[in-house]
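This report refers to the structure that appears directly beneath it.
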Amino acid sequence: MTDEQAKAQTASEEEVTIFDKIVAKEIPAKIIYEDDKCLAFNDVNPVAKTHFLVIPKDRQGLTQLIKATPEHAALLGHLMFVVAKVAKEQGLENGYRVVVNDGKDGC
């Protein structure tokens, strides 16, 4: 089990995550896109030539995708829009893969 997987297994919903710290600029990250709703940055342990993450700045109470409600639709749609925008900026016009890890078993 990797360190990331171990952390996912024990994380609580209210816990401040590494992503919260990146959004707050408490942890450095190579930010490649930012707007008022989200942040995109390169993964520190990439598993592909181009590997970036897009995360919401304000989760609006959404701690897992499986817990999404209709109120989260605009945020989730914006995140996917930004994935496409950043992918194009990164030169991935020929295609790319999008992965969502959700919950302790999704890691």
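The values are calculated or read from the model by the stated rules, or taken from the named source; none is laboratory data. Nothing here was measured: the structure is a model prediction, and the numbers come from that model. A quick note on method: Cβ atoms are made from the backbone with ideal geometry, for glycine too, and the neighbour counts reach across all protein chains shown. Heavy atoms of the whole protein, side chains included, go into the accessibility calculation; ligands, DNA and RNA do not. Shrake-Rupley method; radii C 1.70, N 1.55, O 1.52, S 1.80 Å.
Before moving on, here are some points about what is shown:
- The residues of the stretch 17-83 expose, per residue, 64 Å² of accessible area to a 1.4 Å probe.
- Over the stretch 56-107, all Cα pairs binned in 5 Å intervals from 0 give whole-percent P(r) values of 4, 16, 24, 21, 18, 11, 4, listed from short to long.
- Ranked by the mean number of other Cβ atoms within 10 Å of their residues, highest first, the peptides 87-97, 38-48 fall in the order 38-48, 87-97.
- Descending semi-axes in whole angstrom, ellipsoid equivalent of the chain, from the Cα gyration tensor: 21, 18, 15
- Sulfur and carbon atoms: percent of accessible area, the chain [1.4 Å]: 53
- Two-site label geometry, E71 and E34: point separation in nm, points 7 Å out along Cα→Cβ: 2.7
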